[in-house]
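Structure, as structure tokens:
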Amino acid sequence: MSMNFDRNRTQKEFELLVGINSIDELASKKDDFISYELKYTDLPLLSQCLRDDAIDYFYNGLVSFCEGIDSAVNYRFSWATIKLYYSVYYMLRSSLAIKGRAILQNKSVFLLKLAEGEIPQKKRSTSTIKYSNTHEATINHHISISSENDYLLSNEIDGNNTYHWMKSLREIVNYRCVSFQEPSYLACWHKFAEANKLGSLSSLFNKIEATPDIYCFQEDYAIVSIPFKRTLLTLDELRRKGFCNCLHDVRKQHITVIFPEVLSQVDSLTNYP
């Protein structure tokens, strides 16, 4: 079985600029990696790579959202929790890329701003803010960069910002419970489970889609409304950046197959002027 796979384009292109020609060379050339200073001539190709990565992350987030909703409809609430968290994670990776920031890895996690003279930056973790893996780094770098203009960071749920709240739910399912809880579920799913039993789940989803801001900080609805709102925010960032025609028809078709009712806004990605 082949184990070949594609890593993100920006990581691979940056490695080539540094003179790293294989994954095996990453460790031995780490000093070159962390000290490489971007030149003006490096920026066009790196920017194209980061744009394409942003689009891929957005697509990953869309698929994860669709699969999360599908899992919830079918009472697979553990998988729904995991998938909806990953939707948020991928949307934040996309948002950072849209803003010209790349998450890079070489034993540690680094943030690279695409600008002349920049080098990969590694932030030290504290007792409360972690950067030790890509998930923690993605969330916390986004918070440090976008806290003033991200609606989802304007309030909290149970003393946590929305992204850490979503991450904590995923960690409960993946790490803190010895098994999945089906046929039971986490308390955050109660409204959705009851609506499903009553045949009104579609109405509940439609209500959240119509006014997601109302539900983002309500614990009974936030597990769905947060990833939905984050998707809309990232979509708007793609539009404003001019990344039009970014979802190929085959990908749009796949979205409609796995969840036909998802996001009426998706069509605007390929039609946006």
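The values are calculated or read from the model by the stated rules, or taken from the named source; none is laboratory data. Fair warning: this is a prediction, and the values are worked out from it, not measured in the lab. Cβ: placed from backbone, ideal geometry, glycine included. Neighbour counts: every protein chain shown. Surface areas here come from the heavy atoms of the whole protein model, side chains and all, with no ligands, DNA or RNA. Shrake-Rupley method; radii C 1.70, N 1.55, O 1.52, S 1.80 Å.
Here are the numbers for the structure shown:
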item	result
Semi-axis lengths (Å, descending) of the ellipsoid that matches the C-alpha gyration tensor of region 1-135	30, 16, 16
log₁₀ of I(q)/I(0) at q = 0.17 Å⁻¹ - region 41-84, Debye sum with one point per alpha carbon	-0.54
Using a Förster distance of 35 Å, the FRET efficiency for D213-K12 (Cβ separation, nearest 0.05)	0.35
Candidates per GluC sites (Glu not before Pro) in region 1-66, loop by DSSP, up to 16 other Cβ within 10 Å	E37
Mean separation of Cα contacts under 8 Å, 6 or more apart, over the residue count of the chain: relative contact order %	20
Backbone HN-Hα couplings from phi across region 101-108 [Karplus 6.51/-1.76/1.60, Hz, Gly and Pro as x]	10, 10, 7, 10, 10, 7, 6, 10
Cβ charges +1 (Lys, Arg) and -1 (Asp, Glu), total dipole of the chain, debye	240
Rounded percent of accessible protein surface that carbon and sulfur make up, the chain, 1.4 Å probe	49
For region 1-74: Kirkwood Rh in Å [reciprocal of mean 1/r, alpha carbons]	14.7
Phi to ³J(HN,Hα) by Karplus 6.51 cos²θ - 1.76 cosθ + 1.60 over region 166-174, Hz, x for Gly, Pro	4, 5, 5, 5, 4, 5, 4, 5, 7
Helical mean residue ellipticity (222 nm; -39500 (n - 2.57) per DSSP H run of 4+; nearest 500) of the chain	-17000 deg cm²/dmol
Cα Rg over Rh - the chain, Kirkwood	0.98
DSSP-loop GluC sites (Glu not before Pro) across region 141-208, with at most 10 other Cβ within 10 angstrom	E148
Distance between modelled label sites at I143 and S47, nm, 7 Å Cα→Cβ extension	3.1
R0 of 35 Å, Cβ-Cβ distance S28-R176: FRET efficiency to nearest 0.05	0.40
Stokes-Einstein D for region 122-199, Kirkwood Rh over Cα pairs, 25 °C, 0.890 mPa s (µm²/s)	166
Percentage relative contact order, region 118-204, counting C-alpha pairs under 8 Å, at least six apart	10
